[in-house]
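Let me begin by presenting the structure, written as structure tokens, before commenting on it.
The values are calculated or read from the model by the stated rules, or taken from the named source; none is laboratory data. Here the structure is a predicted model, which means the values were calculated and not measured. All Cβ positions, even for glycine, are placed from backbone atoms using ideal geometry, and neighbour counts span all protein chains on display. Surface accessibility is based on the protein's heavy atoms, side chains included, excluding ligands, DNA and RNA. Shrake-Rupley method; radii C 1.70, N 1.55, O 1.52, S 1.80 Å.
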Amino acid sequence: MLALNNVAKRYGDAATGTLAVQDLTFEIGRNEVVTIVGPSGCGKTTVLKLMAGLIDPTSGSITIDDVAVTRPPKEIALVFQDYINSLYPWMTVGQNVEFPLKREVRDRAQRKERMMAAIESVGLLGFEDRYPWQLSGGMQQRVAIARGLAYQPRMLLMDEPFGALDAQTRAELEDLVLRVRDAFDITIVFVTHDIDESVYLADRVLVMGPRPTFIEADLPVELPAPRDQIETKELPEFARVRSDVYRRIRRSSELMRTGSIRTVIR
Ligand SMILES: Nc1ncnc2c1ncn2[C@@H]1O[C@H](COP(=O)(O)OP(=O)(O)OP(=O)(O)O)[C@@H](O)[C@H]1O
Ligand SMILES: [Mg+2]
């Protein structure tokens, strides 16, 4: 569905700028959950922004169903970690979810219907008239997800969406993500720092190398569905992939700190 071909991204000019991403090539298939992990500052957010058409690659191309992404495509919705700043505090939950639809869905009743369906799918029915600041962090992040879903995207890009939440809330929202994928038949790309989370959610884990980032490993996760927070994490396959991801990230982080050259890893 989504393909990156030899994508590079440099911030600033060739002499003084930062080469964040270098020669990225990978594909993401329909209905997949792909998680992205890698050391801090390696370029994960840059990769998501490139996919979302928010920034242009310096070279290479990004396509959705073989059509080049040139500006933010309609079929993609984004959810970021910073839910506090991503919701409008002066709007109710319902208004926040409905707002991005205003241009696309002219009919008010239809818009309201979509808004309510999205709010229901994240388990917040009854909270439409509350304000974001009246909700817990986990609930606010549910609102941000609902807003993405109301848009009826084919793809949801999530950048460390649960980083600021407690473990229990985080687990609930992880399961929500998997349910949403099944219910709406969408593709999810999920950046996280949490290795357990990266394995639990994924059909594939992409491990990014140190900057300029590249795909250090593309690891399939052969865990049965539906996933379960306790049982799935007890499986040997979970432990195996988790250790694999962990070792690779540790190595990349060390390389990033010591500034060793990329060929050392190979
Ligand atoms: N707008 C920008 N202008 C200049 N440099 C940038 C910009 N955005 C990111 N960078 C640089 O590009 C590199 C990659 O940044 P990016 O935010 O993609 O990393 P990340 O993997 O998401 O990090 P983290 O794990 O901390 O979120 C960093 O060196 C960063 O300083
Ligand atoms: Mg980031």
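Can you say what percent of the DSSP beta bridges in the chain, counting only those with both residues inside, are antiparallel? Round to 5.
For the chain, the DSSP antiparallel bridge percentage is about 50.
Using a cut-off of 22 Å between alpha-carbon atoms, which lysines can reach Lys9, once sequence neighbours fewer than 8 places away in the same chain are excluded?
Answer for Lys9, where 22 Å is the Cα cut-off: Lys44, Lys49, listed by chain and number.
Enter the accessible area per residue of the chain (Å², integer; probe 1.4 Å; all protein chains in place). Mind showing how you got there, number by number?
Numbers: 13000 Å² over 266 residues.
Accessible surface, normalised per residue, equals 49 Å².
Run through region 50-138 and list the trypsin sites (Lys or Arg not before Pro) located in a DSSP loop whose Cβ has at most 14 other Cβ atoms within 10 Å.
Answer in residue order: Lys74, Lys102, Arg103, Arg106.
Carbon and sulfur: what percent of the chain's accessible surface (1.4 Å probe)? Walk me through the numbers on the way to the answer.
Working: 6370 of 13000 Å².
The nonpolar share, carbon plus sulfur, comes to 49 percent.
Show me, for region 220-227, the HN-Hα J-couplings you get by feeding each phi into the Karplus relation (A = 6.51, B = -1.76, C = 1.60, θ = phi - 60°), rounded to Hz, glycine and proline as x.
Taking θ as phi minus 60°, the curve returns x, 10, 9, 9, x, 9, x, 7 Hz for region 220-227.
Using the Cα gyration tensor of region 1-153, with a ≥ b ≥ c the square roots of its eigenvalues, what is the shape: rounded (a/c below 1.5), prolate (a/b larger than b/c) or oblate (neither)?
Prolate is the answer for region 1-153, as a/c is 1.5 or above and a/b outweighs b/c.
Please state the charge dipole magnitude for region 82-152, taken about the Cα centre, from unit charges on C-beta atoms (+1 on K and R, -1 on D and E), reported in debye and rounded to the nearest 20.
It works out to roughly 200 debye.
Ranked highest first by average number of other Cβ atoms within 10 Å, how do 170-177, 145-152 line up?
Put in order of decreasing packing, that is 145-152, 170-177.
Under the classification rounded if a/c is under 1.5, otherwise prolate if a/b is larger than b/c and oblate if not, where does region 79-128 fall, given a ≥ b ≥ c as square roots of the Cα gyration tensor eigenvalues? Don't jump to the answer; show the numbers that get you there.
Numbers: a/c = 1.89, a/b = 1.33, b/c = 1.42.
It comes out oblate by the Cα gyration axes.
Counting only the backbone N, which residues of region 127-162 are under 20 Å from the spot 7 Å out from the Cα of Asp65 toward its beta-carbon?
In region 127-162, the label zone of Asp65 (backbone N under 20 Å from the point 7 Å along Cα→Cβ) covers 149-157.
Identify which of Val180, Val245, Val105 has the largest mean-square fluctuation in a Gaussian network model of the chain, with springs joining Cα atoms closer than 10 Å.
Val105
Determine the relative contact order of the chain: mean sequence separation of Cα pairs under 8 Å and six or more apart, normalised by residue count, in whole percent.
Averaging sequence separation for qualifying contacts and normalising by length gives 25 percent for the chain.
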